[in-house]
Amino acid sequence: MIWNKTKECMSREQMRALQGERLRKTVHKVYHNTPFYRERMQQMGVTPDDIKSIDDIVKLPFTTKQDLRDNYPYGLFAVPMSEIIRLHASSGTTGIPTVVGYTRKDISVWQEAIARCLTAFGADKHDIFSVAYGYGLFTGGLGLHYGVENLGGTVIPMSSGNTAKQIQLMHDFAPTAIACTPSYALYLAEAIAASEYNLDEFKLRIGIFGAEPWSESMRREIEAKLGINAYNIYGLSEIMGPGVSYECSAKNGSHIVEDHFFAEIVDPVTFEQLPCGEEGELVFTTITKEGIPLLRYRTKDLCSLTDEPCSCGRTNVRMSRIMGRSDDMLIIRGVNVFPSQFECVILEMEEFEPHYLIVVDRVNNLDTVQLQVEMRPEYYTDQINRIVEIRRKLTHKLQSLLGLGVDVRIVEPQTIPRSEGKAKRVVDNRKY
Ligand code: ADP
Ligand code: ZN
């Protein structure tokens, strides 16, 4: 069964015509309702009348996460707050979060998008879903939750964490599908193996995994260990949340919900639009959104697009896996973190040099972070108590800023390798 056959299977020409029409309307709307875009367009000498078809998208300005921060909290909203029925914010925990707002219609689009995803994964109203993404400001939990309800399935609002309870309820409530990060799925698989239960006492058959990059080998491992079919779901809060794209039975790229989100790949240096098949930065324009419509939002995610026909019958373009990022953002246990955030904390303490190394690893399928940091020679001491105290202070600061437990290792002056070019701040040993 296909959830929305008209929108998921229309011809490429029809889709581009629809996208052109919707883009035109969106541009008119933001020009009149969002001073930020009006100014940007005026600076570029573009008026809404210059946008006649989807090909004209290249005339429009880009938007970045920084633009959202600069206009914190509601500066890019295109409707009065009385029209906004929900807020979410990006999981990046520091500084200024990016806030997004949804009108009733935006929420209904999101619910439909997720229902399309779940249908593509082979689920229907007979399925019971354990939603083990975090509930709260993060879009994962509530996004999936309302999508399942829209499909007519049964939702268990499990949220993240508390693995023993997750396993017990997975056993007792017999969900047939689970939504969580792929790394948590592997962790769960191992916890189940170590539990009192046998895998054949569970009814699980579908995994809905996203929010962080994962590979084909990770898919094989999860599928084997949990005895399920594992599917990718992609999204970002700025555009909507999970459900911007999703895999189908072909498990060969994720179909983009193109009647709502127009995707482009651009060269991350020149920002020129690149043709299908070439890898570059993924850029989205929302073409139906009311609350916070965004033009050419630069995701910083690197991937490629294809419009080749898919064996499932859907005609919507597919994006490849995310191959990396054009910035240095790390996703650790589902939380977005930047090396610069560690640097800020380190430099707030006079005991440390700005020489540090962040080592990310995955132990028992959980991400771990170690921070090696050099002490200034004048503070370096062989008094263990003193070092322990300073370490505790730094660990605490990192925990409260990033919301992450970091294993801090204070090292002697001059031990972190110096580099002659760009400093290497991160070693990521995780195998995707
Ligand atoms: P939050 O962590 O609050 O969702 P964002 O919405 O900003 O914060 O996170 C979105 C980012 O997460 C994407 O830009 C991408 O880097 C990553 N991401 C989400 N889903 C996937 C996926 N299926 N595969 C790879 N990366 C993903
Ligand atoms: Zn398909």
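Output the residues belonging to the range 309-346 that are part of a loop (DSSP other than H, G, I, E, B), in contact (Cβ under 8 Å) with a residue 24 or more places away in the chain and either within 12 Å of ligand 1 (Cβ to nearest atom) or more than 18 Å from Cys117 (Cβ to Cβ) (or both).
Taking the range 309-346 and keeping what is part of a loop (DSSP other than H, G, I, E, B), we get 309-317, 320-323, 326-329, 333-334, 338.
Cutting the leftovers down to in contact (Cβ under 8 Å) with a residue 24 or more places away in the chain gives us 310-317, 320-323, 326-329, 333-334, 338.
Residues satisfying the conditions are Ser320, Arg321, Ile322, Met323, Ser326, Asp327, Asp328, Met329, Arg333, Gly334, Phe338.
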Exercise. Does Ile292 fit the bill of being assigned to a strand (DSSP E or B), open to solvent by less than 10 Å² (accessible area, probe 1.4 Å) and within 15 Å of ligand 1 (Cβ to nearest atom)?
Worked result: no
Exercise. Looking at (1) farther than 15 Å from Val257 by Cβ; (2) among the hydrophobic types (A, V, I, L, M, F, W, C); (3) open to solvent by 10 Å² or more (accessible area, probe 1.4 Å); (4) assigned to a helix (DSSP H, G or I), which is the only condition Val148 fails?
Worked result: (3)
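Of all residues in the range 132-145 being under 16 Å from the mean Cα position of the chain (by Cα) and outside any loop (DSSP other than H, G, I, E, B), which is farthest from His260 (Cα to Cα)? If you could, list the steps in order and put the result at the bottom.
So in the range 132-145, the residues under 16 Å from the mean Cα position of the chain (by Cα) come out as 132-144.
Those left that are additionally outside any loop (DSSP other than H, G, I, E, B): 139-144.
On the way: Thr139: 18, Gly140: 19, Gly141: 21, Leu142: 20, Gly143: 16, Leu144: 18 Å.
Checked the range 132-145; the qualifying residue farthest from His260 (Cα to Cα) is Gly141.
Residue under question is Gln370, and the condition is that it be more than 21 Å from Pro97 (Cβ to Cβ) and open to solvent by less than 40 Å² (accessible area, probe 1.4 Å); does it hold? Give the steps one after another, and end with the answer.
Details: more than 21 Å from Pro97 (Cβ to Cβ): yes; open to solvent by less than 40 Å² (accessible area, probe 1.4 Å): yes.
Taking the combined requirement at face value, the residue satisfies it.
Here's the yes/no breakdown for (1) without any contact (Cβ under 8 Å) to a residue 40 or more places away in the chain; (2) within 28 Å of Leu305 (Cβ to Cβ):
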position	(1), (2)
Ala185	no, yes
Ala191	yes, no
Glu196	yes, no
Ile208	no, yes
Trp214	no, yes
Glu223	yes, yes
Val244	no, yes
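Restricting to the range 260-284, what's the tally of residues that are over 16 Å from the mean Cα position of the chain (by Cα) and crowded, with 21+ Cβ neighbours inside 10 Å? Before you say what the answer is, go through the steps one by one.
Keep residues of the range 260-284 that are over 16 Å from the mean Cα position of the chain (by Cα), which gives 260, 262, 264-280.
From what's left, crowded, with 21+ Cβ neighbours inside 10 Å: 260, 262, 265, 280.
Within the range 260-284, residues that are over 16 Å from the mean Cα position of the chain (by Cα) and crowded, with 21+ Cβ neighbours inside 10 Å number 4.
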Problem set entry | Subset of the range 241-269 that is β-branched (Val, Ile, Thr) and modelled with pLDDT of 95 or more - its residue that is farthest from ligand 2 (Cβ to nearest atom) | Val266
Exercise. What pairs come up if the first residue lies in the range 377-394 and is closer than 14 Å to Phe352 by Cα, the second is at pLDDT 90 or above and of a type in the set (Val, Ile, Thr), and their beta carbons are under 6 Å apart, counting only those six or more places apart or on different chains?
Worked result: Ile387/Ile410; Arg391/Val408; Arg391/Ile410; Leu394/Val408
Exercise. When you look at Leu305, is it under 28 Å from Ser215 (Cα atoms), in contact (Cβ under 8 Å) with a residue 40 or more places away in the chain, in contact with a strand residue (DSSP E or B) (Cβ under 9 Å, 6 or more places away or on another chain) and within 16 Å of ligand 2 (Cβ to nearest atom), yes or no?
Worked result: yes
Problem set entry | Pairs with Cβ under 6 Å, 6+ apart, first in the range 270-298 and at pLDDT 95 or above, second surrounded by fewer than 22 Cβ atoms within 10 Å (Cβ to Cβ) and basic (Lys, Arg) | Val283/Arg296; Thr285/Arg296; Ile287/Arg22; Thr288/Arg22; Glu290/Lys105
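Just to be sure before I move on: is Met218 surrounded by fewer than 22 Cβ atoms within 10 Å (Cβ to Cβ), among the aliphatic types (A, V, I, L, M), in contact (Cβ under 8 Å) with a residue 40 or more places away in the chain and more than 16 Å from ligand 2 (Cβ to nearest atom) in the structure I sent? Please lay out each step first, then the result.
Numbers: surrounded by fewer than 22 Cβ atoms within 10 Å (Cβ to Cβ): yes; among the aliphatic types (A, V, I, L, M): yes; in contact (Cβ under 8 Å) with a residue 40 or more places away in the chain: yes; more than 16 Å from ligand 2 (Cβ to nearest atom): yes.
Taking the combined requirement at face value, the residue satisfies it.
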Exercise. Condition test on Lys397, is it more than 30 Å from Ala250 (Cα to Cα), modelled with pLDDT of 90 or more and open to solvent by 50 Å² or more (accessible area, probe 1.4 Å)?
Worked result: yes
Exercise. If you go through the range 230-249, how many residues are open to solvent by 10 Å² or more (accessible area, probe 1.4 Å), over 19 Å from Ala185 (Cα atoms) and part of a strand (DSSP E or B)?
Worked result: 1
For this session: Just one of (1) open to solvent by less than 30 Å² (accessible area, probe 1.4 Å); (2) within 26 Å of the chain's Cα centre (by Cα) trips up Lys7, so point out which.
Result: (1)
For this session: Give just the number: which of (1) assigned to a strand (DSSP E or B); (2) of a type in the set (Gly, Ala, Ser); (3) surrounded by fewer than 24 Cβ atoms within 10 Å (Cβ to Cβ) does Ala174 not satisfy?
Result: (1)
Exercise. Which of the residues spanning the range 80-130 are of a type in the set (Gly, Ala, Ser) and within 16 Å of ligand 1 (Cβ to nearest atom)?
Worked result: Ala89, Ser90, Ser91, Gly92, Gly95, Gly101, Ala113, Ala120
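The values are calculated or read from the model by the stated rules, or taken from the named source; none is laboratory data. Only a predicted model underlies this, so the values are computations on that prediction, with no experimental measurement involved. As a convention, Cβ positions derive from the backbone with ideal geometry for all residues, glycine included, and neighbour counts pool all protein chains shown. Just the protein is used for accessible areas: all its heavy atoms, side chains included, with ligands, DNA and RNA removed. Shrake-Rupley method; radii C 1.70, N 1.55, O 1.52, S 1.80 Å.
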